[in-house]
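What follows is a short report on a single structure.
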Amino acid sequence: MPLPCFRTRAALVLLAFHVLGAPLTPVRAQHDGRMWGRAVTRDGDIHEGFIHVRAARSSGSWADVLLASREIPEEHYRDWTDATRGGRSHTRVLELKGHRISWVEKHPAFVGPSRVGVRFGHIAELTFDDEGRPTATIRSRHGTEPAPGDTVTRHSGGEVRIESFWRGAEVWVDKGDGSAKLRGRDIEQVEFGPAPAGRVPASLRLYGTVEDKLGRSFTGFVTWDLREILESHFLVGFWEDVPGLANPWRSDEYLRSFRFADIRSLERTPCFARVILKSDSVVELCNEPLEPDPEPVQISDPALGLVEVEWHLVRVLRFERAPGTPGYDAFDGGRPLSGTVVTSEGEEIAGRIRWDADEEWSRDLLQGSSDGVELSIEFGNIAHIERKEPGGARVTLRDGRSFHLTGGNDVDEDNRGIFIFSAAVEEPAGGRSVAERRYVAWEDFREARFHLPDDPGSGW
């Protein structure tokens, strides 16, 4: 029997996205969540339709997350050094053969770009460099007026640009009468917007529920092995009853593939998976010998964010027809975070919030792990965060779900602290209005309650 490992090889993945045929005709609510855009190539060609970005991580719905990097703004670092080091610079000292050498550099907690993520619904456009690596420009529709001393507004709208880790991305455009496959390095930009009324994609976005070994369930848009996201894509595996390992391994003799549109569920087995088809047929598949397990199953949950479940933690993955999902108009580019922070001494401080000395928008993601499951939760979906002992934090969503998260900067002892910008006060000299700034270190933090946009005094 083949070893318990599996990976969908690019050479074996069969894409039906570009195959001509009668399009599916779902009701409007089932495809409002699909990305729509206008791709302009460097040669001036224009392709408009439903967008499927295929790269290290594939995406095709507004709820999908673009994982990227962003330099922490210099003023964020200055605020942190003022609050924690009295404004003093970080100095490195090296002893070498009796000589002492010192120099000033940025504190290690702020060196290098920060790992960030943003839902595609918040993105106005992507531009691509010569390596096919996209940079995102964020939408600005919240209309928030700058508050005195509020640095968050200096990074709003078209001024926000984050660079993706992707290289060599491809953009597939479903134009209705066919499709176009564009290489990222040949694209100048992709402009996003809502799909015109009456337009129907050739293939639906995968949607379903993954249940892990602990019985927890996560529902949303499904990404398989980081690449397969459409019902027209294929799951590839191998016959369970392969008679030993051929030498050399003749994979084509034992290869099996199933269109995701035909699959009802996948149940994890020691060999790989039990495939239950919509025809009620059951097929046992194994992994290809000496290949790793598939990448974590990803769920883009509109009411949470991004969930990643390692395959060895999965019990079953059930595919479903998507209900009404948020369209492009449901996103606004994000709003400044606002709420009340409670210290360990019980003091309550209300105002604009900058979390971990960096995240300050509702579109930003809070990242952590819960019993092996990785969660990237959009701050706009968070109602409450409470620090827990001996480590981590309890994060409660607006829909009532709650998770104890650990690991990383956002929810553990490596958190760089929370800033609160409260009501403006008059500066003694010059009469200029500035925001009162408070800093709460992680060890002094008890909890935070986040405001909704219509909360009185939320500042949104």
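The values are calculated or read from the model by the stated rules, or taken from the named source; none is laboratory data. Remember, predicted model here, so these are calculated numbers, not experimental data. Here Cβ is always computed from backbone atoms with ideal geometry, including for glycine, and neighbour counts include all displayed protein chains. Ligands, DNA and RNA are stripped out before the accessible areas are found, and what is left, the full protein with its side chains, is counted by its heavy atoms. Shrake-Rupley method; radii C 1.70, N 1.55, O 1.52, S 1.80 Å.
Is it the case, given these coordinates, that Glu308 is under 24 Å from Asp371 (Cα atoms), assigned to a strand (DSSP E or B) and open to solvent by 10 Å² or more (accessible area, probe 1.4 Å)?
yes
If you go through region 71-85 one residue at a time, how many are open to solvent by 30 Å² or more (accessible area, probe 1.4 Å), of a type outside the set (Val, Ile, Thr) and in contact with a Phe, Trp or Tyr (Cβ under 8 Å, 6 or more places away or on another chain)?
So the answer is 1.
Look through Arg394, Arg416 and report the one residue that is of a type outside the set (A, V, I, L, M, F, W, C), more than 18 Å from the chain's Cα centre (by Cα) and buried (at least 21 other Cβ atoms within 10 Å of the Cβ).
Within the list Arg394, Arg416, the selection yields Arg416.
Can you go through Asp225, Asp241 and tell me which one is crowded, with 18+ Cβ neighbours inside 10 Å and modelled with pLDDT under 95?
Going through Asp225, Asp241 in turn, the sole match is Asp225.
Provide a single number: the residues in region 188-204 that are open to solvent by less than 20 Å² (accessible area, probe 1.4 Å) and touching a helix residue (DSSP H, G or I) at 6+ places or on another chain (Cβ under 9 Å).
Residues meeting the conditions: 3.
Looking at this structure, is Arg256 in a strand (DSSP E or B), open to solvent by 10 Å² or more (accessible area, probe 1.4 Å) and at pLDDT 95 or above?
The answer is no for Arg256.
Looking only at strands (runs of 3 or more DSSP E) that lie completely in region 334-417, which have at least 2 residues being among the aliphatic types (A, V, I, L, M)?
338-343, 348-354, 365-370, 373-378, 382-387, 393-397
Any residue in region 308-322 that is touching a residue at least 24 places away in the same chain (Cβ under 8 Å) sitting within a Cβ distance under 9 Å of a residue that is part of a helix (DSSP H, G or I)? List the pairs, counting only those 6 or more apart or interchain.
Cβ pairs passing all conditions: Phe319/Phe260; Phe319/Ala261; Arg321/Gln30; Ala322/Ala29; Ala322/Gln30.
Do the conditions hold for Arg318, that is, is it open to solvent by 40 Å² or more (accessible area, probe 1.4 Å), of a type in the set (Lys, Arg), closer than 30 Å to Leu206 by Cα and at pLDDT 95 or above?
Yes: the conditions hold for Arg318.
Please enumerate the residues belonging to region 169-181 that are part of a strand (DSSP E or B) and open to solvent by less than 20 Å² (accessible area, probe 1.4 Å).
Selection gives Val171, Trp172, Val173, Asp174, Ala180.
Give the residue, chosen from Ala423, Ala448, that is of a type in the set (A, V, I, L, M, F, W, C), assigned to a strand (DSSP E or B) and either at pLDDT below 60 or open to solvent by less than 40 Å² (accessible area, probe 1.4 Å) (or both).
Just one listed residue meets the conditions, Ala448.
Just to be sure, is Pro292 open to solvent by less than 80 Å² (accessible area, probe 1.4 Å), over 30 Å from Gly121 (Cα atoms), modelled with pLDDT under 75 and assigned to a loop (DSSP other than H, G, I, E, B)?
It is true that Pro292 is open to solvent by less than 80 Å² (accessible area, probe 1.4 Å), over 30 Å from Gly121 (Cα atoms), modelled with pLDDT under 75 and assigned to a loop (DSSP other than H, G, I, E, B).
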